[in-house]
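Every read-out reported here was derived from the displayed coordinates using simple, explicitly stated rules and does not represent laboratory data. Values in this document were obtained by computation on a predicted structure and should not be read as measured data. All Cβ positions, glycine included, derive from the backbone under ideal geometry; neighbour counts span all protein chains shown.
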């Protein structure tokens, strides 16, 4: 397949630069480790609070067990409403190893067994990789114009948000010239993750550090206290997981192999616009 | 591209993903037990310590709160009632005959009673206690400035760490290896908010929170703040002490520097 493409296969363009490809995959791996080791850390005290301190009687979210006729059942309590989550949150396990009270199940945590110290080692080491990788991406994006050229939505883009949402709802993806650029929903989603959610993870993470709080007390004021920062850290991580789910669905629906290839080799095939139904 | 090949590729991808996720889950578990992996991950701690030391000035204070912020239910974690016979005897006696021993690399070894400690320069502070588990409580602490004790003992030139030996046993091996101990560097030892607390929330420090004396190191996590401190020792290196990592929790894998 040559770079200019042929009429029946569509044009092949060079879509993703090496920097985007490398930082994308590093970030994917790093975020997975951070998520799973983060859930290990969360499991040490599976409850969330608002403010500077923990009001143990009034968590906004808590995973635990309730007694149901002599058997413990996993339950998740959000703002006082108890939701049965037996087998997943609060209580999980299997017939072989037995059921144990824990926040997230073994398959979601790193390590799978309960080991806060090890979870912290994984988390903080990968947090450094996350920082270096993220800085490399952001600095390159600013310097090369990637941010301004490919990600910042134009006024015209923003005017077409409604149309773009309708197109997406019909699983109708841009073809031809339009497919050479990110569409407005992609731009907004990527921007939200790259310059809002991921930096927010870092900052709320730092706000949980008693050392960093002494150096930068503003961290506590900006996020409304250490426990609120911890809660935002959790919510923001959840938002990133949701983004990844939608991202993966979109990757599959809009051409799995073409998308995967473009994020590995950089080459992306543009389907001719006339094929549009 | 034929449909068959496409299906093959899909099957390959599905199997690949399944294998990858199993390998990742099992692999990371396996990796967590490898010493070389632990060493690589430990380099993160070295980096964190260096970065925080560079960013946090020696004078930077942990946030102090107001009376209204005090936790109504300050969680007592770890040991809450040591059963060490000598400790129990002191506790029954209201710690009247108890003395804090200060030794190691000092010019003047000390033995300080609670009355003597109370007569030394003190500090009162309302601070947030952050547990490594993730929760926080706010308490009011009054105690002897550790710097005052160390100045009176007069550290020798080569002293680099202060080690705190405690009365409580936290492990389950039934040996001296269970006994709690902790250590901090001199920068934290001489920090303004580092105190040996004998009062909590305007009352004599309760046993559940470490009576008669509990260390407060406000810019680090709760496990650094040793309860039931019986003896302090100035040392040059932590290597020869117990597990060699500088504390009960450190010896089982937690970071010595707990600023994060």
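Inter-chain Cβ neighbour count for B:247-260, averaged per residue, equals 3 (cutoff 10 Å, partner chain atoms only). Cα centroid separation, the range A:128-183 to the range A:194-272: 16 Å. Take each residue in B:158-168, count the other chain C-beta atoms within 10 Å of its C-beta, and the mean is 0. Taking A:148, A:230, A:15 in turn, the Gaussian network model of chain A (Cα-Cα springs below 10 Å) assigns the largest fluctuation to A:148. Listed by Cβ neighbour count within 10 Å, with the fewest neighbours leading, A:204, A:228 appear as A:228, A:204. Once the Cα atoms are used to define both axes, helix B:3-32 deviates from the longest principal axis of chain B by about 20 degrees.
Dividing the helix sum by the residues of the protein assembly as shown, where each DSSP H run of 4 or more adds -39500 (n - 2.57), gives a mean residue ellipticity at 222 nm of -12500 deg cm²/dmol. For helix A:226-253, report the angle its Cα long axis makes with the longest principal axis of the Cα atoms of chain A; keep it between 0 and 90° and round to the nearest 10°. Roughly 40 degrees between the two axes. The C-alpha atoms of chain A define a longest principal axis, and helix A:198-207 lies at about 30 degrees to it. For peptide B:47-57, the mean count of partner chain Cβ atoms within 10 Å of a residue's Cβ comes to 4.
Max-minus-min Cα coordinates of the protein assembly as shown on each principal axis give 94, 58, 45 Å, with the largest extent listed first.
Using 0.36 nm per residue and subtracting the Cα-Cα separation, the extra length available between residue B:53 and residue B:236 on full extension is 63.9 nm.
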